[in-house]
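Report on one structure; see the data block that follows.
The values are calculated or read from the model by the stated rules, or taken from the named source; none is laboratory data. These numbers come from a predicted model, not from an experiment. Heads up, the Cβs are rebuilt from the backbone with ideal geometry, glycines too, and the neighbour counts pull from every protein chain shown. In case anyone asks, the SASA skips ligands and DNA or RNA and just uses the protein heavy atoms, side chains included. Shrake-Rupley method; radii C 1.70, N 1.55, O 1.52, S 1.80 Å.
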Amino acid sequence: VQLQASGGGLVQAGGSLRLSCAASGRTFSLYKMAWFCQAPGKGREFVAGISGSGVSTYYADSVKGRFTISRDNAKNLVTLQMNSLKPEDTADYYCAADISPTVGMRSAAAYDYWGQGTLVTVSS
């Protein structure tokens, strides 16, 4: 699976961004997908995840109610709608895929495939 992330940019606090992750391959619906973020000097942190079917979604406490993860298996696409952005959301955002079930959803170590980062900068 190859992943291509896009949609990052500069936005003012309170604004919105929509990140997209396009995946290659014909078995996309078998993969759980997630977004992680990494701020300068910090480790990679779980942001949101979604099961292969799209029925189950998972969020970090810091983004609940502000971010929404969704997927379109017909288009091999996962999106992260980011609303009410805060300066502390500033980071590189990475999409990730793994064929195992949702176990380990929140752990970066559980994912075998990663896209390149897309930078989100939120100004105060």
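What the table below lists for this structure:
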{"read-out": "Flag for residue 26 being open to solvent by 20 Å² or more (accessible area, probe 1.4 Å) and closer than 27 Å to residue 123 by Cα", "value": "no"}
{"read-out": "Segment 74-118, subset assigned to a loop (DSSP other than H, G, I, E, B), under 15 Å from the mean Cα position of the chain (by Cα) and among the charged types (D, E, K, R), residue nearest to residue 36 (Cα to Cα)", "value": "106"}
{"read-out": "Which listed residue, of 68, 121, is in a strand (DSSP E or B), β-branched (Val, Ile, Thr) and under 15 Å from the mean Cα position of the chain (by Cα)", "value": "68"}
{"read-out": "Residues (buried (at least 16 other Cβ atoms within 10 Å of the Cβ), among the small types (Gly, Ala, Ser) and more than 13 Å from residue 8 (Cβ to Cβ)) located in segment 71-124", "value": "96, 97, 108, 110"}
{"read-out": "Pairs, first under 14 Å from residue 69 (Cβ atoms) in segment 8-25, second buried (at least 17 other Cβ atoms within 10 Å of the Cβ) and acidic (Asp, Glu), C-beta under 7 Å, six or more apart", "value": "none"}
